[in-house]
Amino acid sequence: SAQLREAAVNPHLPAACPRLYWHIEAGGWVLLGYEALSGRHADYTSGSPALPLVAAALAELQETAAPDGIDIKAAEQRWAAYAPPGTSDLFAGDTLLHTDFAPDNILVDQRAHIIDWAWPTRGAAWIDPAVLILHLMDAGHTVEEADAFARTFPSWQRADPAAKAAFAVANAALWKTIAQQDASAWKQRMARHAAAVSAFLDGS
């Protein structure tokens, strides 16, 4: 289950993530007991004091290797059905990825904490900055501004442009499918952002 996956991956997470103190399995339920945090959800708007803290937390995670012996998805498998034919191997790597940098998955106090590890993934380090771009755009950043923020991470700055473009195509196809299945306003927005990123990276 997602909860057991979260419990298994927690000891391997960097300090930017809350510690899991215990977990209980009983009666078909899984209960996880985490370190208590008193932070607020991250504000991704331009000029927010949370942004450098989010960048520092993600920089920590970028240096974290995906653990062996835990059943987590590989990026080249997760996005294979949406990627242009023959490109999903470009997403492979050994970095531990969070893959969902929605602002409510980041708690901010004196630092930023990355929470909700439902989708830990093994893959290329630049995928997490790529995912973050969409959420920055949803907070009002232009695609150029969001890409500039992502470029502060060496993984995104150095990534093969063809790999970035292929992932953007895959992510746009994924969000288009999600938006077609669910009319929620935020999912419609994410589909538009993903399409804009794909167009941007295709032309850069």
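Pick from ASP147, ASP128: which is acidic (Asp, Glu), touching a residue at least 60 places away in the same chain (Cβ under 8 Å), assigned to a helix (DSSP H, G or I) and surrounded by 14 or more Cβ atoms within 10 Å (Cβ to Cβ)?
Within the list ASP147, ASP128, the selection yields ASP128.
For the structure I just gave you, tell me whether ALA183 is among the aliphatic types (A, V, I, L, M), outside any helix (DSSP H, G or I) and either without any contact (Cβ under 8 Å) to a residue 40 or more places away in the chain or open to solvent by less than 10 Å² (accessible area, probe 1.4 Å) (or both). Please lay out each step first, then the result.
Numbers: among the aliphatic types (A, V, I, L, M): yes; outside any helix (DSSP H, G or I): yes; either without any contact (Cβ under 8 Å) to a residue 40 or more places away in the chain or open to solvent by less than 10 Å² (accessible area, probe 1.4 Å) (or both): yes.
Yes; evaluated as a whole, the condition is true for this residue.
Give the residue that is nearest to ALA194 (Cα to Cα), with candidates limited to residues of segment 62-86 that are surrounded by 16 or more Cβ atoms within 10 Å (Cβ to Cβ) and in contact with an Asp or Glu (Cβ under 9 Å, 6 or more places away or on another chain).
ALA83
Quick one: ALA42 ticks every box in (1) open to solvent by less than 20 Å² (accessible area, probe 1.4 Å); (2) touching a residue at least 12 places away in the same chain (Cβ under 8 Å); (3) within 23 Å of GLY123 (Cα to Cα) except a single one, so which number is it?
With (1) open to solvent by less than 20 Å² (accessible area, probe 1.4 Å); (2) touching a residue at least 12 places away in the same chain (Cβ under 8 Å); (3) within 23 Å of GLY123 (Cα to Cα) applied to ALA42, the lone miss is (3).
Evaluate the following for ALA159: is it in contact with a Leu (Cβ under 6 Å, 6 or more places away or on another chain) and open to solvent by less than 20 Å² (accessible area, probe 1.4 Å)?
On the way: in contact with a Leu (Cβ under 6 Å, 6 or more places away or on another chain): no; open to solvent by less than 20 Å² (accessible area, probe 1.4 Å): yes.
It is false that ALA159 is in contact with a Leu (Cβ under 6 Å, 6 or more places away or on another chain) and open to solvent by less than 20 Å² (accessible area, probe 1.4 Å).
Kindly indicate whether any position in segment 90-98 is under 12 Å from LEU61 (Cβ atoms), surrounded by fewer than 23 Cβ atoms within 10 Å (Cβ to Cβ) and either modelled with pLDDT under 95 or not acidic (Asp, Glu) (or both). Please lay out each step first, then the result.
First pass over segment 90-98, keeping only residues under 12 Å from LEU61 (Cβ atoms): 95-98.
Now narrow it down to the ones that are surrounded by fewer than 23 Cβ atoms within 10 Å (Cβ to Cβ): 95.
Remaining after also requiring either modelled with pLDDT under 95 or not acidic (Asp, Glu) (or both): 95.
Checking segment 90-98: at least one residue is under 12 Å from LEU61 (Cβ atoms), surrounded by fewer than 23 Cβ atoms within 10 Å (Cβ to Cβ) and either modelled with pLDDT under 95 or not acidic (Asp, Glu) (or both).
Which of the residues that make up segment 23-39 are of a type in the set (Asp, Glu) and either over 18 Å from ALA118 (Cα atoms) or open to solvent by 90 Å² or more (accessible area, probe 1.4 Å) (or both)?
To start, the set of residues in segment 23-39 that are of a type in the set (Asp, Glu) comprises 25, 35.
Within segment 23-39, just GLU25 meets the criteria.
Just the residues that are within 28 Å of LEU20 (Cβ to Cβ), among the hydroxyl-bearing types (Ser, Thr, Tyr) and touching a residue at least 40 places away in the same chain (Cβ under 8 Å), please, taken from segment 75-122.
THR95, THR121
The values are calculated or read from the model by the stated rules, or taken from the named source; none is laboratory data. These numbers come from a predicted model, not from an experiment. FYI the Cβ positions are ideal-geometry reconstructions off the backbone, even for glycines, and counts take in every protein chain you see. The area values use the complete protein model at the heavy-atom level, side chains included, leaving out ligands, DNA and RNA. Shrake-Rupley method; radii C 1.70, N 1.55, O 1.52, S 1.80 Å.
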